[in-house]
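Take a look at the structure set out below.
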Amino acid sequence: MTTNNGRTALITGASRGLGLALARGLATRGWNLILTARDAERLRGVRDELATITHVAALAGDVIDPTHREALAVLARGHAGLDAIINNAGTLGPSPQPPLLEYPLEALVEVFLANVLAPLAVIQELRHELKPHARIINVTSDAAVNAYPRWGGYGASKAALEQLSAVLAVENPDIRVYWVDPGDMRTDMHQAAYPGEDISDRPLPETKVPGFVTVLEGDLPSGRYVASEIAPAGIVTASVAA
C-alpha cells in the first residue's frame, strides 16, 4: 500500500473518465479518498481497486440530491475533515447538442442544476468539514470561454461555474479555489458530444492528472488554470486569471 500522506479528498463523478483518473492518481500519492458517483456498480469496482492502495470510502448517489450531500458530509466528518473537494461530476445535456435556438429549456435547467448549482451545494454542505487551507477544484471547460457552435448550453453552464468560482475565491481568501480546464479528453461525455465520430485522437484523462496534482499539492494562487499548461513542479507556462 502507498504511504499515506494524511490528506483526504472528496471527488465527485469518480466512477469513470477524469474523476476515475484523478482518484487513481491521488491514490498512488497517498491521499485518502471519498468517492461518489451515480453508478453504484462502477463505483464499487473503483473502491475495490483503490482500496489496495489507500483508504477509500465510496458512496453512490447524485450530488443534486440534498440527502446524498448530507451523507457525504457525515463521511467527511468521520475522516476528520477534507483537504480538497474536486467537483468533477456534471452533465453534457442533450446528445447530439442542439443549437441554442432549438435547445429544450427544460434540458438547459437540468444542465445548470448539475453543472452550477450542484457544485455550489456540495461546497456549502461540506464547508464546515474543510481543513485550514483546503483546496476546492471546480472542473470547467474551454467551452466556458470560447463560443463553439452547439456548445452553448454546456458552455454557458461552465461559464457560470467559473464566475461562481471566482467570486467564491474572493469571498474566502483562506481557501484556495481553482477552476481547472482539463482540455479535450477521450471520455464517455466527450464521445456523447460527438456521437458516431472517432475521438481516439483525444488524450486519455490520465494525461491531465499531473496538472491537477500541481494545483492540489503546489502553492498556486486561486484562479483559472488549464491542466496541460501547468508544469509538474507548479510552474505555469501560460497566463491564468485570478
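Just so you know, all these numbers are worked out from the coordinates, no wet-lab data involved. Because the structure is predicted, anything quoted here is derived from the model rather than measured. As a convention, Cβ positions derive from the backbone with ideal geometry for all residues, glycine included, and neighbour counts pool all protein chains shown.
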(request) Just subtract the alpha-carbon distance of N4 and A192 from 0.36 nm times their residue separation and send over the number in nm, one decimal. (result) 64.0 nm
(message) Counting just the Cα atoms, what span does the chain cover along each of its three principal axes? Round to the nearest Å and put the largest first.
(response) 50, 40, 35
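In deg cm²/dmol, rounded to 500, what helix-only [θ] at 222 nm does the chain give when every DSSP H run of at least 4 residues adds -39500 (n - 2.57) and the total is split over its residues?
Values: 8 runs with 88 residues, N = 242.
Estimated from H runs of four or more residues: -11000 deg cm²/dmol.
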(request) Work out from phi, with θ = phi - 60° and the Karplus expression 6.51 cos²θ - 1.76 cosθ + 1.60, the ³J(HN,Hα) of each residue of region 11-25, listed in order in whole Hz, and give x for Gly and Pro. (result) 10, 8, x, 8, 8, 7, x, 5, x, 5, 4, 5, 4, 5, x
(request) Taking H placed 1.01 Å from N in the peptide plane, check which residues at least 5 places from V226 or on another chain put their amide H under 5 Å from its amide H. (result) D181
(request) Quick one: what are the phi-derived ³J(HN,Hα) couplings along region 150-155, Karplus 6.51/-1.76/1.60 with θ = phi - 60°, whole Hz, x for glycine and proline? (result) 6, 9, x, x, 5, x
(request) Would you mind pulling out the separation of the Cα centroids of region 54-95 and region 12-29, in Å? (result) 13 Å
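Quote the charge dipole size of region 14-167 about the Cα centre in Debye, to the nearest 20; the model charges only the Cβ of Lys and Arg (+1) and of Asp and Glu (-1). Intermediate values should be presented prior to the final figure.
Working: 14 positive and 15 negative charges, 98 e Å.
That gives region 14-167 a dipole magnitude of about 480 debye.
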